[in-house]
Amino acid sequence: MTSNAKPQAEPVAKPSVLHDEEFQAAAKSVLREGETVSDLIDRSARAEVEYRKVQADFITRGLASLAEAERTGVFYSDEDVHNMLNDKLEKARARKAAHFK
């Protein structure tokens, strides 16, 4: 027997800061023209979600890199990495300088 009942929707989250008068005053004091406290909270929540995704991806790449280093036995010192990055930076600067001559 199957049920046609719809799953219960989660209640809408209402941040506790909406009820904090001090926070409300502080938030209102930094709003940009045409912006509301809700806009500020919405943008902040979205930025935090994006930050956490980026952070999780970074950790995933780091763990994959560690696993690859352990698998191959090839590890790079911090000095090696800095030298490689500096070489890349110098080459990019040279390309940019040549482009604008």
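All of the numbers you see were taken from the coordinates with simple rules; none came from a lab. Source: prediction; values computed, not measured. A quick note on method: Cβ atoms are made from the backbone with ideal geometry, for glycine too, and the neighbour counts reach across all protein chains shown.
Residue by residue, here is whether (1) farther than 30 Å from Val12 by Cα; (2) touching a residue at least 12 places away in the same chain (Cβ under 8 Å); (3) surrounded by 10 or more Cβ atoms within 10 Å (Cβ to Cβ) holds:
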| site | (1), (2), (3) |
| --- | --- |
| Arg32 | no, no, no |
| Asp57 | no, no, yes |
| Ser65 | yes, no, yes |
| Ala69 | yes, no, yes |
| Asn83 | yes, no, yes |
| Phe100 | yes, no, no |
Pairs where the first residue, in the stretch 34-45, is within 14 Å of Phe23 (Cβ to Cβ) and the second is surrounded by 11 or more Cβ atoms within 10 Å (Cβ to Cβ) and of a type in the set (D, E, K, R), C-beta under 7 Å, 6+ apart:
Val37/Lys28
In the stretch 10-24, what residues are loosely packed, with under 10 Cβ neighbours inside 10 Å and either within 22 Å of the chain's Cα centre (by Cα) or of a type outside the set (Ser, Thr, Tyr) (or both)?
Glu10, Pro11, Val12, Ala13, Lys14, His19, Glu21, Glu22
